[in-house]
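**Student:** Shown below is the structure under consideration.
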């Protein structure tokens, strides 16, 4: 009896912990899901160093805040193209989206595997992306990386 109860408790704990790390995409509106998907594509384009896809996404006046500095669109595209920062893989653990008129804020909890100046690093971040809808397309205005503990949780 005690063994069965212990096994049941362990299974419940595993089920709850895996559920807590899964983005709740079913609760997103169509427009919020569009932004979650766009953000996901952006991470892949960054990993692929696909500046042709990223250039039209980044607003001409966009800014990028990293642990080592802040720069503008052209500098970010050059960094991605040359691989001086290679965003190899963003493991997205959670996403929250807020819409305010034609502006959207996307917060993502990620574990980023990157190559920086020839060294591979793995860092926990909460990333803030700010988008503005121009005509019918979302344009990224800002991307900010905030280094956090792996226990950090985004408030929904």
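All of the numbers you see were taken from the coordinates with simple rules; none came from a lab. In this text the structure is predicted, and so the values were computed from the model without any measurement. Cβ: placed from backbone, ideal geometry, glycine included. Neighbour counts: every protein chain shown.
**Student:** Does region 75-156 come out rounded, prolate or oblate by the C-alpha gyration tensor, with a ≥ b ≥ c the root eigenvalues, rounded set by a/c under 1.5 and, if not, prolate when a/b is larger than b/c and oblate if not?
**Tutor:** oblate
**Student:** List 76, 34 from most exposed to least, where exposure is judged by having the fewest other Cβ atoms within 10 Å. Write down the numbers at each step before the final one.
**Tutor:** Working: 76 23, 34 14.
With the sparsest Cβ surroundings first, the list reads 34, 76.
**Student:** A follow-up question, please. Which translational diffusion coefficient, to the nearest whole µm²/s, is obtained for region 25-147 from the Stokes-Einstein equation, given a Kirkwood hydrodynamic radius over C-alpha pairs, 10 °C and 1.306 mPa s?
**Tutor:** Result for D is 109 µm²/s.
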